[in-house]
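Just so it is clear, none of the values below were taken in a lab; they were calculated from the coordinates. Values in this document were obtained by computation on a predicted structure and should not be read as measured data. Glycine also receives a Cβ, built like all others from the backbone with ideal geometry; neighbour counts cover every protein chain displayed.
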Amino acid sequence: MSKLIAPSILAADFANLQRDIEMVNESEADWFHIDIMDGVFVPNISFGMPVLKAINKYAGKIIDVHLMIVDPDRYIDTFAELGADILTVHYEACPHLHRTLQAIKAAGMRTGVALNPHTNVSLLEDVITDIDLVCMMSVNPGFGGQSFIENTYKKVKQLKEIIADNNASTQIEIDGGVTDQNAKQLVEAGADVLVAGSFVFKSTNPSETIKDLRSIANS
Ligand code: DX5
Ligand code: ZN
């Protein structure tokens, strides 16, 4: 199956958001990655519901919402109504993760669980068959433009084994510091989806950068 590219809108130009959304629509990107931060779970606030509503109005691809918020259960139905196709919650923010995942499914979305860099992948073993997407953080969540943490490769391999041992169809997404320098090695380790923010939007030709990244991931 093709490896997917999900540009992170956090790195877009918010004063030209429609333009940047259209660029992603017309590019070879597969998904829109949308980072919602609450200033509590992570030390930064990004944007919330009204902005997601505006994005959904123009976005013509899968909307992958990454919630970096405490108590995400409060907003599951709201995010479904706003057009999220995949809803990712953080393992570290969910004391009743199994229940949260059932609620996401019941609201008609695909389930995602994000892991901070220090969180061991084995903690997902007992819920892996309920997870459509694991978002493996390869930076500490909260900001775009950080450096990739090398330990991620090891974690991806470990997670891939857990998925295979349980006959699960979970996809592995890498989030943070993805570039053309680590894309190939990430895919070789077992990654299915690569999120890229700064590398795409700070480049001189974002559409071409998406194309290049996708071709490296699928080479
Ligand atoms: C970080 C976010 C990432 C971020 C990635 O908390 O979850 O999605 O936008 O940005 P880059 O690719 O710049 O590291
Ligand atoms: Zn993210």
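Which parts of the range 126-142 would a label at residue 166 reach, counting a residue when its backbone N lies under 15 Å from a point 7 Å out along Cα-to-Cβ? Inside the label zone: 126-136.
Within the listed set 179, 111, 78, the Gaussian network model of the chain (springs between alpha-carbon atoms below 10 Å) gives the highest mean-square fluctuation for 78.
List the lysines whose Cα lies under 24 Å from the Cα of residue 154, skipping any in the same chain that are fewer than 8 positions away. Straight-line reach from residue 154, under 24 Å: 3, 184.
Counting other Cβ atoms within 10 Å of each Cβ, which GluC sites (Glu not before Pro) in the range 149-219 have at most 15 and sit in a DSSP loop?
Passing both the DSSP loop test and the Cβ count: 150.
In order along the range 122-128, phi translates into HN-Hα couplings of 4, 5, 8, 3, 7, 10, 4 Hz, rounded to whole numbers, per the Karplus curve 6.51 cos²θ - 1.76 cosθ + 1.60 with θ = phi - 60° and x for Gly and Pro. With the cut-off at 1.5 for a/c, could you classify the range 4-217 from its C-alpha gyration tensor as rounded, prolate or oblate? Cα axes put the range 4-217 in the oblate bin.
Potential lengthening of the chain between residue 44 and residue 185 amounts to 47.8 nm, from the contour at 0.36 nm per residue minus the alpha-carbon distance. Charge dipole (Cα centre; +1 on Lys/Arg Cβ, -1 on Asp/Glu Cβ; no other charges) of the range 4-217 amounts to roughly 120 debye.
Between the alpha-carbon centres of the range 162-217 and the range 1-64 there is a gap of 16 Å. Would you please classify the overall shape of the range 42-145 from the alpha carbon gyration tensor, given that a ≥ b ≥ c denote the square roots of the eigenvalues, rounded means a/c under 1.5, and beyond that prolate means a/b larger than b/c while oblate covers the rest? Verdict is oblate for the range 42-145.
Computed from the C-beta positions of residue 70 and residue 126 and an R0 of 22 Å, the FRET efficiency is 0.45 to the nearest 0.05. Measuring against 26 Å, Cα to Cα, the residue pairs 61/157; 53/155; 157/202; 61/105 contain 61/157; 53/155; 157/202 as the ones spanning a longer distance. Comparing mean-square fluctuations of 131, 34, 149 from a GNM of the chain with C-alpha springs under 10 Å, the top value falls on 149. Taking 7 Å steps out from each Cα toward its Cβ at residue 19 and residue 118 produces label points 4.1 nm apart. Annotation: the antiparallel percentage among DSSP beta bridges lying fully within the chain is about 5. As a test of the formula, what do you get for the chain when each DSSP H run with n ≥ 4 contributes -39,500 (n - 2.57) and the sum is divided by the residue count, at 222 nm and rounded to the nearest 500 deg cm²/dmol? Calculated mean residue ellipticity at 222 nm is -9500 deg cm²/dmol.
Residues of the range 77-96 falling in the label zone of residue 105, defined by backbone nitrogen less than 15 Å from a point 7 Å along Cα to beta-carbon, are 87. Each residue of the range 39-56 was assigned a 3J(HN,Hα) from its phi angle through the Karplus expression (A = 6.51, B = -1.76, C = 1.60, θ = phi - 60°), giving x, 10, 5, 10, x, 7, 10, 9, 7, x, 4, x, 6, 4, 4, 5, 4, 4 Hz with x at Gly and Pro.
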